[in-house]
Amino acid sequence: MHTTESPVELAGVTRVYGKGDAAVRALDGVDIAFPAGSWTAVMGPSGSGKSTLLHCAAGLERVTAGTVRVVGGDITNATDAELTRLRRTEIGFAFQTFNLIASLTAEQNVAMPLRLAGRRPDRRDVRAVLDAVGLADRRRHRPRELSGGQQQRVAIARAMVTRPAVLFADEPTGALDTKAARAVTALMRSMVDERGQTTIMVTHDPAAAAAADRTLFLCDGRIVDRLERPTTREVAARLAALED
Amino acid sequence: MLLLAWNSFRDRWQVFAGAVLTVCLGTALVQSSLLALVAAATAPVPDHLAPEDALALQGAYDGAVTLLSMVLALAAFTAVFIVASTFGFTVAQRRRELALLRLTGASRGQVRSLLVGEAVLLGLAGSALGTVLGLPVMRAQTWILERFDFAPTGFAAEWRPWAVAVSLGTGVLIAVLGVLAASRRAARIRPQEALREGAGAAQVMTFSRWAIGLVCLAGAAVLYVLFPGGGAPLPVWFIQLTPFLVTVPLVVGCSALAPLAVPLAAGLLALVFRGVTGELALSNLRSDARRSAATAAPVMVLFALTAAIGGTLATVGEAGRQESLRTVDGELLVAADGPEAGIADAEGVAVVSAQAEVLFELAFAESGASWYEAHYGLAVDPAAYAATHRVEPVAGDLADLAGNAVAVSPAEGREREWKVGDTLRVRLGGEESEVRIAAILPPSVAGPEYLLPIGLAPEGTGPWEHVVRLDEGADPAAAAAHLAAFGSVTTAEESVDAAAAEDERFTRDTMIVLLGMTMLYTVIAIVNAVVIAASNRRREFAAARVTGLARGQVVALAFLESQAVVLIGLLLGALAAAASVLGAAAALRVITGTTVVAVQWPLLFGLALGAAAVVGATSLVTALSATRTPPIRLVAARE
């Protein structure tokens, strides 16, 4: 467990795509810290910059200006090797499309980050994580033998197995039906409550955002509003106002 | 990492099966060519043979060694080329999977070692199968060699234990070489590509593609410029090698630059392809230039090598035919077993030249070493020869060709420095003697390279050919009727044409031996590339059908695309082949003074139609099978 106050901090982060007249400011001077053990949802209309925010915070994209600190270290100019190390130890990812490796079983998928890091995966650790996402009995199944909700839970288990300082989730409920989505949000909530998992989630789903501790609203690359512990209805209303 | 390689191998076997197949066939082909080459190089010449027979047998084996070296070189090149393009393609098809690994914490090195690990597995599997398959291939190859008289009767290659080690080694090496470039590219895949749908559209014209393409084109251009040899004539055997020197680098260069040719070909085809299906086919072609280029690559190598080798040999043959026609100054030819002195006295005959081929050896001694080289010479009566052939010696006089003297037409290296008056040691009919160079003949395509006075020909030389020039106004038909008493009579044109036909048959046989197996291999590679390309397109096809295309339209779309891809392959292949044929023509021009280009149109049309049919049929079958599932299931499916 990491004791850092804010595992992820962005200071004056600007990200510009393209040059000259075609330049687009996807992020425009964003300052934000994500406190340890909290779950933050990021919302906004399409093109508001929420995916760019997630990618910059996770070191997947370079920022044009400003600094990004992950677990105390400045990653603004980190090398590929440093970013690889970061992804192995401090960061976990979950996506809208679950991105499991089709040729590997649930168990092998979950063990993959440990193996890539050159660690011998402890069977009990892997099973414990699968147990935590409620899939202990499915560990020998391949992704195509699992439902969408189950695949997403395997993906979350894979992200959690390295005990990362931060979990990044990009539309984790986007491809799921309501029931499966509710199960996945409940799982993420319990990860935050029981393990103190710092989580940053981009979403379109007001119900998922309502499960988080706070919700940030982005518009044209800036943070325009934030709500603490909102209800689904409040989130939906705020979002509707932004999209008008 | 090896476990992951194994797992991904096990699971994606349909795509990898194609790669294994190419390695397997490539290994079998290389192994078989190598064993046949070793057998020809170490073949014993029995002691009890007469000197001429032993010399002829050794010559036959030497010829087989030369030919098999080329077979081996072609097989190795084609195997590396096909395997490299197959592997590069499978890596491109898996961008997202590799990006995902990067996202989960794989370093660049790990992605590289994953792919190299896979290549080792594929190489081992493929070459193990190839070692076994190599045996029937070897039998087929030696049968073809013997059947077309490129090896003496009874020639047999045998399997040797070291072949296993060599084959496994080559198979793995070919696979790893093939994957190296692709793995470097794969290691550069950025992790966030896993996050986007359809992130496969990476930059196609990478730096290394440009570099390889331009270096190869430049190399071929330099060779092309050097080919006429700065005015000095090149030996004919060297001119026949142009396909290897010019076309092979061009094939590599063109395949690297092929994605650039895709929009070009698409533009051309836009004139023919009409309607919504045609437009869609062309935009698919353009949007995945890499896939189009990868499928076109084996078509290109097939067409380029066949057209280049066939065209070059045919051009040399045609230049030789025209040269012979210009040289012979006579109307009739009489073939007989011995020299027929009576022909000179026959009615209507002005002059006759009796000539026969003689096999002899030149002896060399240099810095303590001595060796013999076998050559064919023509035994002639110099005065009669000069009267029936338009040959002007460059130096010396044909009239001096008597006693121990020879005339030479220098073709290469050492011979170019020979001067009139030099002495050569020759071994003829088992005896060694010294001869003087009486005249230097101009360089020639059809030969002869050596003229010997008739007195030097050993006992039993023959058969003899008599070139006859008739008296002014004599009736050729009547003269031919008289001369029929001495042997079989033909006109000079008939004789040259018969020789040319013989030459053509030889060219065809050479191509069958040189290219037969390799071409079979590329055809399988073509089918393979189409299948691999289609394996990734089920969802794309499904999306097209959800948008409103009927299944038949999707299949038609795939078919049109496949035909466009064939066209790209044929165009690039023709370009690479044309350079070789024109290079050969330029080099021949230095010798003969005239420009001759021969193209085997029927062969090339047949090949083009065949490639279009094979690719078209394969794409129909794969598109039908890929559209069997109802589209909505595929569009909705994840992972």
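Before moving on, here are some points about what is shown:
- Within region B:42-60, the set of residues being assigned to a helix (DSSP H, G or I) and either farther than 21 Å from B:Gly516 by Cβ or polar (S, T, N, Q) (or both) comprises B:Pro51, B:Glu52, B:Asp53, B:Ala54, B:Leu55, B:Ala56, B:Leu57, B:Gln58, B:Gly59.
- The set of residues from region B:588-609 being over 17 Å from B:Ala578 (Cα atoms) and either touching a residue at least 40 places away in the same chain (Cβ under 8 Å) or surrounded by 13 or more Cβ atoms within 10 Å (Cβ to Cβ) (or both) comprises B:Val590, B:Ile591, B:Thr592, B:Thr594.
- Checking B:Val120, B:Val116, B:Val80, B:Val132 one by one, the residue that is in a helix (DSSP H, G or I), modelled with pLDDT under 85 and over 27 Å from A:Glu61 (Cα atoms) is B:Val80 and no other.
- Qualifying residue in region A:146-153 (condition: farther than 28 Å from A:Leu53 by Cα and either within 14 Å of another protein chain (Cβ to nearest Cβ) or surrounded by fewer than 19 Cβ atoms within 10 Å (Cβ to Cβ) (or both)): yes
- Residue match in region A:207-218 (condition: in contact (Cβ under 8 Å) with a residue 60 or more places away in the chain, under 26 Å from A:Leu114 (Cβ atoms) and either in contact with a helix residue (DSSP H, G or I) (Cβ under 8 Å, 6 or more places away or on another chain) or outside any strand (DSSP E or B) (or both)): no
Yes/no matrix, rows are residues, columns are (1) touching a helix residue (DSSP H, G or I) at 6+ places or on another chain (Cβ under 6 Å); (2) within 11 Å of chain B (Cβ to nearest Cβ):
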position	(1), (2)
A:Gly66	no, no
A:Leu83	no, yes
A:Glu90	no, yes
A:Ser103	yes, yes
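- Summed over region A:157-192, residues that are within 26 Å of A:Arg123 (Cβ to Cβ), part of a loop (DSSP other than H, G, I, E, B) and away from every other protein chain (no Cβ under 12 Å) total 2.
- Subset of region B:379-409 [buried (at least 16 other Cβ atoms within 10 Å of the Cβ), closer than 14 Å to B:Ile454 by Cβ and among the aliphatic types (A, V, I, L, M)]: B:Ala379, B:Val380, B:Ala384, B:Ala386, B:Leu398, B:Leu401, B:Ala405, B:Val406, B:Ala407
- The one condition from (1) within 14 Å of chain A (Cβ to nearest Cβ); (2) crowded, with 21+ Cβ neighbours inside 10 Å that B:Phe81 does not meet is (1).
- Per-region count, region A:179-205, residues closer than 20 Å to A:Arg233 by Cα and either in contact with a strand residue (DSSP E or B) (Cβ under 8 Å, 6 or more places away or on another chain) or free of Cβ contacts under 8 Å to residues at least 24 places away in the same chain (or both): 5
- Hits in region B:102-113 - residues which are at the interface with chain A (Cβ under 7 Å from one of its Cβ atoms) and either acidic (Asp, Glu) or under 43 Å from the mean Cα position of the chain (by Cα) (or both): B:Ser107, B:Arg108, B:Gln110
- Condition met for A:Gly196 (away from chain B (no Cβ under 14 Å) and in contact with a Gly (Cβ under 6 Å, 6 or more places away or on another chain)): yes
- Selection from region A:56-104 of residues that are assigned to a strand (DSSP E or B) and among the charged types (D, E, K, R): A:Arg69, A:Asp74
- Top-ranked residue in region A:131-145 [being surrounded by fewer than 17 Cβ atoms within 10 Å (Cβ to Cβ) and in a helix (DSSP H, G or I); ranked as nearest to the other protein chains (Cβ to nearest Cβ)]: A:Arg144
- Test: residue in region A:82-96 that is farther than 20 Å from A:Leu53 by Cα, more than 21 Å from the chain's Cα centre (by Cα) and surrounded by fewer than 17 Cβ atoms within 10 Å (Cβ to Cβ): no
- Selected residue (criterion: surrounded by the most Cβ atoms within 10 Å (Cβ to Cβ)) from residues of region B:350-378 that are of a type in the set (Ser, Thr, Tyr) and either within 30 Å of B:Glu465 (Cβ to Cβ) or modelled with pLDDT of 85 or more (or both): B:Ser353
- Verdict on B:Ala319 being out of contact with any Pro (no Cβ under 6 Å at 6 or more places or on another chain) and either surrounded by fewer than 24 Cβ atoms within 10 Å (Cβ to Cβ) or not assigned by TED's automatic domain parsing to the domain that holds B:Leu217 (or both): no
- Of all residues in region A:1-58, those that are surrounded by 17 or more Cβ atoms within 10 Å (Cβ to Cβ) and within 21 Å of B:Arg190 (Cβ to Cβ) total 16.
- Residues being among the charged types (D, E, K, R) and at positive phi are represented in region B:141-160 by at least one member.
The values are calculated or read from the model by the stated rules, or taken from the named source; none is laboratory data. The model shown is predicted, which means the values in this text are computed figures rather than measured ones. Glycine also receives a Cβ, built like all others from the backbone with ideal geometry; neighbour counts cover every protein chain displayed.
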